[in-house]
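A short write-up of the structure that comes next.
The values are calculated or read from the model by the stated rules, or taken from the named source; none is laboratory data. From a predicted model like this one, the values you see are computed outputs, not experimental measurements. No Cβ is skipped: glycine too gets one built from the backbone with ideal geometry, and neighbour counts run over all protein chains shown. With ligands, DNA and RNA removed, areas are computed over all heavy atoms of the protein, side chains included. Shrake-Rupley method; radii C 1.70, N 1.55, O 1.52, S 1.80 Å.
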Amino acid sequence: MAQILDGKALSQTLRNEIGEKTAHLKQTRGIQPGLGLLLVGDNPASQVYVSSKAKACEELGFYSVIIRQPADTSEGAVLRQVQEWNADPRIHGILVQLPLPKHIDEHKVLLAVAPQKDVDGFHPENVGRLVAGLPCFAPCTPAGVMEILSRYNIETKGKHAVVVGRSNIVGKPMANLLYQKAPNANAIVTICHTAAPDLTVFTKQADILVAAVGVPEALKGADMKDGVVVIDVGINRIADPTAPKGTRLVGDVHFASASERASAITPVPGGVGPMTIAMLMQNTYRSAAGEVY
Ligand code: NDP
């Protein structure tokens, strides 16, 4: 039976560690990490994400501020808020909750965030630093996956890691982190996407399989080899008439069949998801402490 890689418990451990480091930072250098959260529009999922990020800040003793702008706000107003935070010494991290309404150019907004405060790791300067192996803010979800692998002592060096998905926020940075010439990385990486004629040719070779597909339960146990370590990044809400609310969360991996093949696997929920916020807190702390720039 596969070992469960418990991201929920691990994220709590990390939060405790960050809370302690934050208290020390305040005491020794008088710095309180600060995060600015910008929410545009009323997307219910985004509202939940922003509130849980603000709650995590409160728990760790961070300063945080949420600015809510209406869905019809202008691009200029969004850019002005970002610039205000760029210049605000109380703010060490800026998070613009995505997606933004269609009339706002997401790329332009992400470019406006000062790279030194880009705790989401989406600014091209941080993307470039990541690829070059320089100190950077790595995107939180793939950074959380790396933390799971290292804290569970899963060997990555020389292992074949197969990443399914090539988005800018998960797949691409995930592959980059895995192949870096660095401790707890150094994997041999294959990255897959919809142009793969037969995806299973690749997934069956994986020692470490990372699913960031965005399709519920897309990868099954039969697509994997025995002993694989499965990291399921997916979060999908599907209909389930037997569940109290009529829906339930599943990953991009079919958990029951995959856990028969895998040596270790992340569950959904309770795997990669909780690590994402913990890594956001970590990036904000690192920004405040001057550990990156
Ligand atoms: P995207 O939809 O942006 O990307 C999905 C990727 O999967 C694309 O590169 C796509 O290929 C590829 N893909 C889709 N179908 C197939 C297929 N049949 N065969 C091979 N490749 C395929 O998703 P994200 O990267 O944003 O998110 C991935 C998953 O992770 C989602 O379930 C999302 O909800 C979840 N997520 C979870 C987070 C967390 O905190 N745990 C944070 C962010 C996302 P192509 O490029 O060719 O279209």
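Approximating the spin labels as points 7 Å out from Cα along Cα→Cβ, the Ser150-to-Asp88 distance works out to 3.1 nm. Here the scattering of the chain is modelled by Debye summation over its C-alpha atoms, one equal scatterer each and no solvent; at q = 0.07, 0.10, 0.13 Å⁻¹ the log10 of I(q)/I(0) is -0.27, -0.55, -0.93. Count the net charge of all other residues whose Cβ sits under 11 Å from the Cβ of Ala258, scoring Lys and Arg as +1 and Asp and Glu as -1. Cβ neighbours under 11 Å give a net charge of -3. Summed over qualifying helices (DSSP H, 4 residues or more, each -39500 (n - 2.57)) and divided by its residue number, the chain shows a 222 nm mean residue ellipticity of -12500 deg cm²/dmol. Computed from Cα atoms, the angle from the helix 75-86 axis to the main principal axis of the chain rounds to 80 degrees. Taking all protein chains in place and a 1.4 Å probe, what share, in percent, of the accessible surface of the chain do carbon and sulfur account for? Reported share for carbon and sulfur atoms: 54 percent. With contacts taken as Cα pairs under 8 Å at a separation of at least 6 residues, the chain carries a relative contact order of 22 percent. From the alpha carbon centroid of segment 134-160 to that of segment 1-61 is 19 Å. The angle separating the long axis of helix 7-29 from the principal Cα axis of greatest extent in the chain is about 30 degrees. Taking the C-alpha atoms only, the angle from helix 44-60 to the longest principal axis of the chain is near 70 degrees. Work through the residues other than Met224 whose Cβ is under 12 Å from its Cβ and net out their charges, Lys, Arg +1 and Asp, Glu -1. With Lys, Arg at +1 and Asp, Glu at -1, the neighbours total -1. In the context of the full set of protein chains, segment 140-274 has a per residue accessible area of 46 Å² (1.4 Å probe). Taking a virtual spin label 7 Å from the Cα of Val65 along the C-beta vector, which residues in segment 92-122 bring their backbone nitrogen under 14 Å of it? Residues 92-95 qualify, since their backbone N sits under 14 Å from the label point.
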